[in-house]
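Bear in mind that the values in this text are calculations on the coordinates, not laboratory data. Small disclaimer: the values here were computed from a predicted structure and weren't measured. Cβ sites come from the backbone with ideal geometry, for glycine too, and all protein chains shown count toward neighbours.
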Amino acid sequence: MNENEYRQALATLETPRDCLRWAETVLRREQVVLGHGTDDFGDEALALLLHVLHLPWDTDPRMLDARLLPAEVEAFVGLVRRRVSERTPAAYLTGRAWFCGLEFRVDPRVLIPRSPLAELVEQGFEPFVAPERVHRVLDMGTGSGCIAIACAHAFPEAQVDASDISEEALEVCRDNIALHGLQEQVTAVRADGFEGLSGPWDLILSNPPYVDEQEMAALPAEYRHEPELALASGRDGLDFTRRLLREAPDHLSDGGVLIVEVGNTAEAVEAAWPQVPFFWFEFARGGHGVFMLDRDQLLEYRNEFT
Ligand SMILES: C[S@@+](CC[C@H](N)C(=O)[O-])C[C@H]1O[C@@H](n2cnc3c(N)ncnc32)[C@H](O)[C@@H]1O
């Protein structure tokens with residue numbers, strides 16, 4: 001967006017409706033990449049505008065034609081300009097993201113929450129997991145803590161460990177644990193894989209790094225704002241997952257299950273271990289590449305995960 005367009009926007013936009021119309025055009029024309037919480041240019045514009053106006057998502061539509069203050073227009077136009085020129089995802093510009101209907105603080109120390117695991121958490125993992133059997137949960141590679149915190153809501157009687165190798169990510173995670181008042185139920189722990197963690201857990205969840213080298217090299221600019229540690233996992237994207245599969249059975253309780261997101265790397269998983277009976281979830285709201293194995297299966301195939 002050039003200086004002229006910026007100045008013209010400041011001089012002419014008056015209402016939220018004007019702002020949204022203008023921003024949608026700009027975001028679409030500049031082909032910003034979505035996928036960090038919204039999948040539509042209009043929603044992306046709306047997220048930025050509601051943030052500037054300190055208004056909730058269910059704001060009365062009558063507000064659309066209210067007159068904005070010049071400072072509000074300036075703040076909004078400035079955010080759209082940054083969204084376009086820096087390619088910073090909207091969630092990092094607003095510092096907020098939603099997961100399982102819960103709000104989380106986010107910044108570039110953590111991946112922006114978007115895992116399809118949300119759908120499973122909202123359903124309490126039923127019918128795949130018996131809720132009365134879930135006393136301890138581990139969310140490995142917790143980032144913002146979104147999965148761990150949503151699990152604490154789904155299993156109010158369970159203790160949840162939220163682990164990450166990144167101390168910076170854990171700072172954000174601890175803020176989110178406090179934001180949700182879950183200090184008694186969710187514990188943030190620094191750990192490289194299982195090193196230093198003490199189980200066993202009835203449910204181990206992970207949305208680990210799983211982007212392969214080729215995909216990393218081609219990532220759109222928006223994704224380069226996220227920590228590389230949260231995305232890259234070796235040549236075939238399976239470095240973390242391979243280790244998790246090998247080590248998980250030693251840390252699961254009898255009858256415990258491991259549920260892992262591998263996204264587009266699902267094909268590589270199937271190709272690497274064709275004999276392993278991975279159970280792949282289907283999602284009503286979209287998303288793919290999440291598998292489940294129980295402890296017995298992990299033990300049976302352990303020697304394959306090399
Ligand atoms: C894809 S992000 C997932 C973040 C969060 N669970 C979510 O779904 O939004 C992966 C996370 O794994 C962490 N991670 C990377 N390598 C790790 C390791 N060896 N041990 C533990 N965590 C690791 C990263 O720091 C990052 O926070």
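If both residues of a DSSP beta bridge must be in region 100-304, then about 25% of such bridges are antiparallel.
At full extension, Thr15 and Arg81 could sit 22.0 nm farther apart than now, given 0.36 nm per residue minus the alpha carbon distance.
Need the C-alpha centroid separation for region 251-278 versus region 100-123, integer Å. Answer, in whole Å: 21.
Approximating the spin labels as points 7 Å out from Cα along Cα→Cβ, the Arg224-to-Arg243 distance works out to 2.6 nm.
Peptide packing for 208-216, 272-280 was compared via the average number of neighbouring C-beta atoms within 10 Å per residue; ordered from the highest value, the list is 208-216, 272-280. Over all other residues within a Cβ to Cβ distance under 12 Å of Ala118, the charged ones net out to -1, with Lys and Arg as +1 and Asp and Glu as -1. Basic side chains Lys and Arg get +1 at the Cβ, acidic Asp and Glu get -1 at the Cβ, and with that the dipole of the chain about its Cα centre reaches some 740 debye. Note on Glu184 and Glu126: their simple-model spin labels are 2.5 nm apart, each label 7 Å out from Cα toward Cβ. Principal axis analysis of the Cα atoms in the chain yields extents of 67, 41, 34 Å, listed in decreasing size. For region 3-94, the equivalent ellipsoid built from the Cα gyration tensor has semi-axes of 18, 16, 11 Å, listed from largest to smallest.
What FRET efficiency comes out for the pair Ser198/Glu3, r = Cβ-Cβ distance, R0 = 41 Å, nearest 0.05? Using R0 = 41 Å, I get an efficiency of 0.10. Qualifying GluC sites (Glu not before Pro) in region 219-306, where qualification requires a DSSP coil assignment and no more than 15 other C-beta atoms within 10 Å, comprise Glu282. Only Lys, Arg, Asp and Glu carry charge here, each on its Cβ (+1 for the first two, -1 for the last two); on that basis region 135-183 has a dipole of about 200 debye about its Cα centre. Take each peptide in 283-294, 129-140, 110-121, count the other Cβ atoms within 10 Å of every residue, and average; sorted highest first, the result is 110-121, 129-140, 283-294. Relative contact order of the chain, taken over Cα pairs closer than 8 Å and 6 or more residues apart, is 14 percent. At what distance in nm do the modelled label points of Glu267 and Arg235 sit from each other, each positioned 7 Å from its Cα along Cα→Cβ? For the pair Glu267/Arg235, the computed spacing is 1.8 nm.
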